[in-house]
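Here the structure is laid out as structure tokens; the discussion comes afterwards.
The values are calculated or read from the model by the stated rules, or taken from the named source; none is laboratory data. Every value quoted in this text rests on a predicted model; they were computed, and no experiment measured them. Ideal geometry is used to build each Cβ from the backbone, glycine not excepted, and the neighbour counts take in all protein chains shown.
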Amino acid sequence: MEMDMMLTRRTLIRSMSAAGGMIIGFQMPGALAAVVAPRPWTTPTDGVEVNAWLAIDADGIVTIRVPHTEQGQGALTSVAMLVAEELDVPWDRIQTVFADMNRHVNDGEEYIVTTTHGSQLVRLQHPHIMQAGASARERLKEAAARAWGIDRSQVTARQGVLSANGRSAPYAEFAAEAGSIMLAEEPAIKKNPDEWWLLGTPTDRLDVPVKVNGSAHYAIDTRLDGMVYAAVKCCPVPWGRLASFDFDQVRDRPGVVAAVELKAVPGITNTRDAMQNGVAVVADSWYRAKTALDLMPVEWDFGPEGSVSNETLAAQAAQMLEEDGEVSGEVGADARDLLAAAPADRVVSADYHRPYETHARMEPINATVAIYEDRVDVWSPVQDQAAALKVVADQLGRDTRDVYVNTVFIGGAFGGNGGGFTAVTRQAAEIAKQVGRPTKVVWPREEDITQDQQRPPHYTRMTASLRDNGLPEAFFSRAVWFNRGGVEQIGPATADVCINTMPYLVPNRRHERHNVHAHIPTATHRGPGANQNGFIIEQFADELALAGDWDPLEWRIEMTKGLEPWQRVLLKLKEVAGFTTDLPRGQGMGVAVAEDHNSYCGACATVSVSRRGEVRVEKVVLVHNSGYIINPRGAGEQLEGSVVYELSHALYGGLDLQGGRFVNTNFDTYNLMRMPQAPEVEIHYALSEDGWWGGCGEPGGPPTPPAVANAIFFATGKRVRSTPMLRHDLSWA
Amino acid sequence: MAFTLTINGTNHEIDVEPETPLLWVLRDTIGLTGTKFGCGIAQCGACTVHLDGQPVRSCSTPASAAVGREITTIEGLSPDSSHPLQRAWVENTVPQCGYCQSGQIMAAAALLSRNPNPSDAEIDAAMAGNLCRCGTYSRIRAAIHRAAELAHS
């Protein structure tokens, strides 16, 4: 029985093809064999490959190979739509499979980009993905033209059919010839939405059906013959050391196989990729491994970081806010001089703070590695599957040609499994090597939160002076950011987003920041920088507007005059949201905007607050401008999801750091938004369609919490300058 | 300890410690991986299954407590994704990452079996124990209403 249910190579392939998919041949990286022999463990290729991105089978089914991961953001559907648009095949003839990372890594990286982060799949990669479809289409036309003895320009390719002069044939008939054709010149892609027949059409995601019956395969679901399970515990104070553990105390428990010490890899300082010091217990089931691990005596050497807490960081920040920081941006005259000269009643100043937050993707971090003589197989929920392949090769000292990553669905990632986040993959490789059995490592939820690469906290002071017309004359900001190794670990831009890049036309600005080292590993987190800074700059914008006697929405329209993307968003928001400051006490509306991943998004929130201070976010209206949208349904789902995601942190979240370690490490103490609290979300698009492309997976989040905070101010008269907002006393009389 | 569990209508002979959570018997011993591990402390609902039609958190339910009872998992809800909730889930494109959705559907199925026409408030109350990090709540609510319609038609 048990063996029947085990995931064999055969059933794995079936489960992956069930995700939808197909195959044809485009030549961007150079000619490939027209027919590629199926390789074990890779995507099935029943059809004929026209290029690396697609194959066509005898029935005309097009299998599109997707090199990105599917984390619920619609990668399978988006890539398929981009290819199908240019290839011109009926949507119901499309299926998708995950592309072969072994081929990508070892055969010239023909998929160009495999990482899936930064709301960039459509935004940045649509040109080469559409090119794949266009190139295949032209090759099919050329193959038909040669067979029919005419010029390619006489052949049309439409909805899977080639035709010319009364003759016609399905694409499948010429797929093999097409795969070996080299074009003298690659065709142009369709840049103008007026030319699109599929892009821009609301389209159901292809991965939905397998996600309603338990058949969708996630890395954590991997089961292999002879597999063992590992539960791991690393030093709860990151970068601390394992002092001792006593395996003898649990060695004889049922099913226990081994204990394996885990050591940080020397020289890897990038916080995403470093494996922390810790210990794993391996057993014949995960529950037995986890139980033995919990019972095994383990001693840690926390090191000097064991005294760091939210309070010590706050005290450090308070001191540094008084000291000159690194100048990260300047506009016009020195804002400090203008502020010093301004009358006190024309100066507004406020301090804001966001704490550490964790990704808490629903699928706990895990990885499975199976080492065989001739090959190594990997299942890992990292956002860049090629990176997972390389890190396993590195950890095991194997040639990348021997390593196969089996891409499956990811149960959420949100930037936390980005690039590498390869620690768990290294752990699985190391443990599998040491115990000599295929090994699945699963982090308990407490480990998933404790050892996550957290969203960095910051403390920011903003000061501005007003002119006679009530609009800002000078603006000065000073921020203190805490990152492992300083802000460089996740890019200085994270600290500057939405502050230095604010859309508001303030004539004189100066921005400073302190990049402070703290031991907690940090990483990108859905809407990095914009989520932290949007909250503070957009509330401060309201503070300035009200101090200058401006309506907050009119202030934003005035302050972005001449900026087309913003004017489009704000005027649409004014038209659809019904924003007003004229509501009875206990009710409020608030607006906010944020630029994130090259998209412009405005939010209007409606809240009610009881006299006792209980907050209800009734509704959030979003107006989104990403330049273009290829799938309005998918984009809307991402935007709405971003609202819920970001409100979770802003209303309920906040990691509590005490004694160098986080103390709220599961969903009983790290609270997330649940259905009864979720607001109604209304989405509007205001698209510039002006040659630039923005992302859709993240930009809906950042403007939402400040819109809610601004609404709370109008409802209660209380300004909420830190999160979680519900920790503040919001009662009113 | 050996005992028998009835899962989706099939008897399975199990030999594990009796306190082993049902979740791990389903996933690791039987191989029914549609039921997900999320938190291990009955806070997220990803592991929701039915015991005699009642929704339980399998991560916190000892396997021995399920002896003699009908265990239903997402794999046993219907043989062909034809349950009204599954059809409504597809129609409303509810899942995003999909990881929590087995638990969501099982919680919703238990709700509909005791209340065929739930109000928004009743849905919210029944579903409050199921986290979705992707934020699909509004589509879940709409799909439950739609499933109620489908079940009557």
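Some observations on this one:
- Here B:L150 fulfils each of the conditions (1) part of a helix (DSSP H, G or I); (2) buried (at least 24 other Cβ atoms within 10 Å of the Cβ) apart from (2).
- Test: residue in the range A:652-663 that is within 14 Å of chain B (Cβ to nearest Cβ), surrounded by 18 or more Cβ atoms within 10 Å (Cβ to Cβ) and not acidic (D, E): yes
- Only one of A:G303, A:G226, A:G240 that is away from every other protein chain (no Cβ under 13 Å), surrounded by fewer than 22 Cβ atoms within 10 Å (Cβ to Cβ) and farther than 30 Å from B:L26 by Cα: A:G303
- Where strands (runs of 3 or more DSSP E) sit wholly within the range A:374-447, those with at least 2 residues that are within 14 Å of chain B (Cβ to nearest Cβ) and modelled with pLDDT of 95 or more occupy A:439-442.
- Screening A:T580, A:T606 for residues that are assigned to a loop (DSSP other than H, G, I, E, B) and β-branched (V, I, T) leaves exactly one candidate, A:T580.
- Only one of the listed residues (A:T501, A:T463, A:T425) is buried (at least 24 other Cβ atoms within 10 Å of the Cβ) and either of a type in the set (S, T, Y) or more than 27 Å from B:G135 (Cβ to Cβ) (or both). That residue is A:T425.
- Every condition in (1) in contact with a helix residue (DSSP H, G or I) (Cβ under 8 Å, 6 or more places away or on another chain); (2) surrounded by fewer than 17 Cβ atoms within 10 Å (Cβ to Cβ); (3) of a type outside the set (V, I, T) is met by A:D334 except one, and the failing one is (1).
- Subset of the range B:128-144 that is assigned to a helix (DSSP H, G or I) and free of Cβ contacts under 8 Å to residues at least 24 places away in the same chain - its residue that is nearest to the other protein chains (Cβ to nearest Cβ): B:Y137
- Qualifying residue in the range A:178-189 (condition: modelled with pLDDT under 95 and either of a type in the set (F, W, Y) or within 28 Å of A:K433 (Cα to Cα) (or both)): no
- Matching entry among A:S153, A:S78, A:S135 (being outside the structural domain of A:W692 (by TED's automatic domain parsing), part of a helix (DSSP H, G or I) and free of Cβ contacts under 8 Å to residues at least 12 places away in the same chain): A:S153
- All of A:W148, A:W197 fail the test of being out of contact with any helix residue (DSSP H, G or I) (no Cβ under 8 Å at 6 or more places or on another chain) and of a type in the set (F, W, Y), apart from A:W148.
- With respect to being at pLDDT 90 or above and part of a helix (DSSP H, G or I), A:N500 falls outside the description.
- Look at (1) over 30 Å from A:V376 (Cβ atoms); (2) within 14 Å of chain B (Cβ to nearest Cβ) and you find that A:E185 fails only one, number (2).
- A search for C-beta distances below 7 Å between a residue of the range B:70-89 that is more than 17 Å from B:A147 (Cβ to Cβ) and any residue that is part of a helix (DSSP H, G or I), counting only pairs 6+ apart in sequence or on different chains, returns B:T73/B:L26.
- Filter result for the condition that a residue is away from chain B (no Cβ under 14 Å) and aromatic (F, W, Y), over A:Y218, A:Y171: A:Y171
- Residue within the range A:111-130 that is surrounded by fewer than 24 Cβ atoms within 10 Å (Cβ to Cβ), over 30 Å from A:A530 (Cβ atoms) and in contact with a helix residue (DSSP H, G or I) (Cβ under 9 Å, 6 or more places away or on another chain) present: no
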